[in-house]
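The values are calculated or read from the model by the stated rules, or taken from the named source; none is laboratory data. Fair warning: this is a prediction, and the values are worked out from it, not measured in the lab. So basically every Cβ, Gly included, is an ideal-geometry build from the backbone, and we count neighbours across all protein chains shown.
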Amino acid sequence: MLSNGWLKGIFRRVLVFPGIEAMRKVYEDAIVEYVKAIKKDPDYAQGYFNLSTAYHGLDEGRKSILAARKALELFDKQNNSTNSAKVRKRLRELYRTYGLKPEDF
């Protein structure tokens, strides 16, 4: 008779890992597109914010934080206080998640 642990391992490989790989591909593709958009418009603050989200999805903490910091700089420059506040909140979460501090950059 098969143990539950063995069955859980099979289900994890069949159900979870393809999902993880699919999400990885989505994030990688998104990064390519956001980088293209930012090259066309270097002041595209939302693009940097979205890029930060995609890097975070790939567990690329430093890159995620750098993109979020650039988004904050641009939103501040555009006097967009609503989105600046959202980015500040995201940055606090990212610093906490990755065990980093602003002075680490």
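Assorted remarks:
Conditions (1) modelled with pLDDT under 95; (2) not basic (Lys, Arg), marked per residue:
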residue: LYS8; (1), (2): yes, no
residue: LYS36; (1), (2): no, no
residue: LYS39; (1), (2): no, no
residue: PHE49; (1), (2): no, yes
residue: ALA68; (1), (2): no, yes
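- Segment 21-69, subset without any contact (Cβ under 8 Å) to a residue 40 or more places away in the chain and of a type in the set (S, T, N, Q), residue surrounded by the most Cβ atoms within 10 Å (Cβ to Cβ): SER64
- Scope segment 70-85; condition surrounded by fewer than 16 Cβ atoms within 10 Å (Cβ to Cβ), part of a helix (DSSP H, G or I) and out of contact with any Ser or Thr (no Cβ under 8 Å at 6 or more places or on another chain); matching residues: GLU73, LYS77, SER81, THR82, ALA85
- Scanning segment 70-89 for residues that are in contact (Cβ under 8 Å) with a residue 24 or more places away in the chain and among the β-branched types (Val, Ile, Thr) gives a single hit, VAL87.
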